[in-house]
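Presented below is the structure to which this report refers.
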Amino acid sequence: MSAANSPHNDQQPMAPPGTGPVRIGQPVPRVDGVAKVTGHARYAAEHPAQGLLYGVVVNSTIARGRIDSIDTGDALAVPGVVDVLSHLNRPKMRSLGMLYKDMIAPEGSPFKPLHDDRICYSGQPVALVIAQTFEAARHAAGLVRVHCCAEPHETELRAGLHRSHIPSRLKAGYSPPPKPRGDADAALAAAPVQHRGEYYSGVEHHNPMEMHATTVIYGPDGHLTIYDKTQGSQNCRWVVSRAFGLSKDKVTVRNPYVGGAFGSGLRPQYPLLMAVMAALHVKRSVRVVLTRQQMFTFGHRPETLQRVALGADTDGTLRSIIHEAVAETSRFEDYVEVVVNWSGQLYRCDNVRQNYQLVKLDQYTPIDMRAPGAAHGVYALEVAMDELAHRLGMDPLALRLKNYAEHDAAKGLPFSTKALRTCYERGAERFGWAQRPLAPRSMRDGRVWVGWGMATGTWDASQMFARARARLQADGVLVVSSAATDIGTGTYTVMAQIAAAAMGWPLEQVRFELGDSTLPVAPVEGGSSHVTTIGSAVEGACEKLQKTLLKEAARLPQSPFAKATAAHVIFENGWMRLRSDPAVAIRLTDILACAGKAALEVTYLLLPNMLKQKKYVRATHSAVFCEVRVDEDFGTVRVTRVVSVVDAGRIINPKTARSQVIGGVVWGISQALHEETLADHRLGRFMNHNYAEYHIPVNADMPEVEVIFTEEEDRIVSRLGAKGVGEIGIVGVAAAISNAIFHATGRRVRSTPMTPDKVMAAEGNADTA
Ligand code: MOS
């Protein structure tokens, strides 16, 4: 690797030698693969610091009340313990809620750890033991006695339905449900075929491989270098500097490697603020790592209840769609997600009514989790569509094609691109859908029932604004940077690939720098928008650099490029050539050498073309087909085959994109069959906060997953033609599985996860579905 140009150069991976030129659409292996499997990639809790202290969090055991007193005597007596922080002795922090709001905070006042004596959810951090070793801190944390005065709490969604409210719309990127169109209730009543169903989605907690952690390195001048598990280094720097009243240049946040995040790191989490508190308190470096149990103490995919009603003509034409959802939120913030809106966009229908409400509970604010809103909103709609198809005696895919939306009727706008029809066709063909018997309980293998189900998926294709910097160095390394994040999605790889392709530069000589708040501005890695945003900024920066190189080349004595414009030259394999006479060429590094420059650098600002974009609805789509095998005696379900066909525009790297969709399918299977956090409402506390009792799928639960991309270019969403993958992979999976269970058994399960008890208790008469 090349000379150090940035202080953390060693953390930025590059492709191995011999990779050569690459193009968009090539399945380039991960450039960070070697660093990860050899342990060279350091995660937030792995960065060393001199005299590092360890903080372990103490959490509340009641859901609501006040702290009377904290007895720290036994904890402080443990050898190695330095101090115990609580609201009584923490360093001074700002108290205005506004100053704790991160860039994607919803309406309300964010939770402030160790702020005062109030307890507002079970698991709330109430103290931090700081010690010389992690072991001492953890042992002492168990000796901290927190005496509380408990107050009655409410943690049950169903019990709070009578006090639900319509959330305000104050969150970046959130659109409340559109106004009703037509008269959905009258149209439903008049429809010859009707379906009404109630759907339930249980709470899910984030379980990325890397647990949330923060290492604060306390510099000699008081500068804080913070390694945090986050999806946005600049978002964290913003909050830390505001909450502690520190100037921005006193704080650097880094996240060069993130071991999965899926939304858990979109907002700064309490370990960050607590580690900074501790570092400021003891004026030393401090690390705080959450335990797996503590991963269940800062937000979750909200418990959601939905009602869907569909009315149709006997030929399957949809006449009415009603979709209502109620979800939970905390007392202090209105967490909102788009649950019902998709239902007015996915199918052609003139009468649509949607409603979305929240119930405030004594819980932490729910949190984005892969395809927030769509993962269960589209699930409910797509199970309801299957139920309607059954009532109509119609093939479920035929029903969807019958009501295919060529444009978005909710907004009266065309789609920027939409290849959903191709998804349906290719998926049906690969899966062998034509062989599917219409009636449930038609396929059996010994004592196991076999069923085939399908569902549609959709997600937003969005673009934000960002800057990227491109620098060509005399040593031949092209350094491209942006304060982007790689949460395991492949950002390092695809950004290096986009830069290499745009510059005509060998991939192994491209270094993409991300994960540092001092780099050019970038949004959080969320909403499947990093490729459309950062990728476009990278491409723009490279094109700008090419123009700068051309200008330099034109200035050289007797330059054959003196009169050339950008249109006259091509860049390939490290050279710039005249298009009209490719023999006339100069090596890019020679341009630098001749001009006597060590490097050439440009910065590019990517601003979405909103005037153009807002004339279109921009979305990704998918069709998911799956096979299940159900043992009716035990109620056990195995998913044995999945075909997922995704329209995400142009695919930059089919290898990393495919991994994204497979990951989504894994989680869809998990949502459908395994995952749920259960609360004991008497205690107001999540009980199964461990891997023994919180079930996630393992390899043995995973079938063969086939991923197909339709590869349509969408130049409205991004100049690259890409629409973004990541979240689309999960959407529709749970519905397809639910629909397959029905096809196998005639039993309709309207609640996730579809555990054996629910499968056994489900209505068994296919005719009354
Ligand atoms: Mo994703 S839930 O936007 O990290």
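The values are calculated or read from the model by the stated rules, or taken from the named source; none is laboratory data. Because the structure is predicted, anything quoted here is derived from the model rather than measured. Quick reminder, even Gly has a Cβ in these numbers, built from the backbone with ideal geometry, and neighbours come from all protein chains shown. Remember, those area values only see protein heavy atoms, side chains included, never the ligands or the DNA or RNA. Shrake-Rupley method; radii C 1.70, N 1.55, O 1.52, S 1.80 Å.
For the structure I just gave you, tell me whether I498 is more than 16 Å from the ligand (Cβ to nearest atom) and crowded, with 24+ Cβ neighbours inside 10 Å.
The answer is yes for I498.
Does any residue of the range 522-545 turn out to be in a loop (DSSP other than H, G, I, E, B), closer than 26 Å to P17 by Cα and in contact with a His (Cβ under 9 Å, 6 or more places away or on another chain)?
no
Yes or no, residue by residue, for (1) hydroxyl-bearing (S, T, Y); (2) more than 27 Å from D313 (Cα to Cα); (3) surrounded by 24 or more Cβ atoms within 10 Å (Cβ to Cβ):
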residue	(1), (2), (3)
S343	yes, no, yes
N351	no, no, no
P372	no, yes, yes
V378	no, no, yes
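Is there any pair with a first residue in the range 358-370 that is more than 16 Å from the ligand (Cβ to nearest atom) and a second that is among the aromatic types (F, W, Y) whose Cβ atoms are under 7 Å apart and which are 6 or more apart or on different chains, and what are they?
D362/Y121; Q363/Y121; Y364/F111; Y364/Y121; Y364/F298
Does G412 count as at pLDDT below 95 and either in contact with an Asp or Glu (Cβ under 9 Å, 6 or more places away or on another chain) or more than 16 Å from the ligand (Cβ to nearest atom) (or both)?
Yes; evaluated as a whole, the condition is true for this residue.
Quick check on my filter: what residues within the range 233-264 are open to solvent by less than 10 Å² (accessible area, probe 1.4 Å), over 16 Å from the mean Cα position of the chain (by Cα) and hydrophobic (A, V, I, L, M, F, W, C)?
Residues satisfying the conditions are C236, V239, V240, A243, V251, V253.
For the range 107-115, check the following and say yes or no: at least one residue is more than 30 Å from G51 (Cα to Cα), part of a loop (DSSP other than H, G, I, E, B), touching a Pro at 6+ places or on another chain (Cβ under 9 Å) and open to solvent by 50 Å² or more (accessible area, probe 1.4 Å).
The answer is no, given that none of the residues of the range 107-115 is more than 30 Å from G51 (Cα to Cα), part of a loop (DSSP other than H, G, I, E, B), touching a Pro at 6+ places or on another chain (Cβ under 9 Å) and open to solvent by 50 Å² or more (accessible area, probe 1.4 Å).
Select, from Q50, Q11, the only residue that is surrounded by fewer than 18 Cβ atoms within 10 Å (Cβ to Cβ) and under 25 Å from A275 (Cα atoms).
Exactly one residue qualifies, and that residue is Q50.
Would you pick out the residues in the range 60-88 that are open to solvent by less than 50 Å² (accessible area, probe 1.4 Å) and in a loop (DSSP other than H, G, I, E, B)?
Of everything in the range 60-88, those that are open to solvent by less than 50 Å² (accessible area, probe 1.4 Å) and in a loop (DSSP other than H, G, I, E, B) turn out to be S60, I62, A63, T72, V78, G80, S86, H87.
One residue is enough: does the range 171-181 have a residue meeting the conditions open to solvent by less than 40 Å² (accessible area, probe 1.4 Å) and touching a Ser or Thr at 6+ places or on another chain (Cβ under 8 Å)?
No, the range 171-181 contains no residue that is open to solvent by less than 40 Å² (accessible area, probe 1.4 Å) and touching a Ser or Thr at 6+ places or on another chain (Cβ under 8 Å).
Within the range 731-759, count every residue that is within 25 Å of V646 (Cβ to Cβ) and either outside any helix (DSSP H, G or I) or of a type in the set (V, I, T) (or both).
Total satisfying the criteria: 8.
Taking the range 665-676, which residues are within 15 Å of V731 (Cα to Cα) and either more than 18 Å from the chain's Cα centre (by Cα) or outside any helix (DSSP H, G or I) (or both)?
Listed by number, the residues that qualify are A672, L673.
Please verify whether L52 is in contact (Cβ under 8 Å) with a residue 40 or more places away in the chain, out of contact with any Asp or Glu (no Cβ under 8 Å at 6 or more places or on another chain) and over 30 Å from E572 (Cβ atoms), treating the condition exactly as stated.
Yes; evaluated as a whole, the condition is true for this residue.
Residues that are more than 30 Å from Q50 (Cα to Cα), at least 1 per element: which strands (runs of 3 or more DSSP E) completely within the range 268-377 meet that?
Because the criterion is at least 1 residues that are more than 30 Å from Q50 (Cα to Cα), the strands (runs of 3 or more DSSP E) in the range 268-377 that meet it are 304-312, 318-330, 352-361.
Looking at the range 704-727, which of the residues that are within 16 Å of the ligand (Cβ to nearest atom) and among the charged types (D, E, K, R) is nearest to P27 (Cα to Cα)?
Across the range 704-727, the extreme among qualifying residues is K723.
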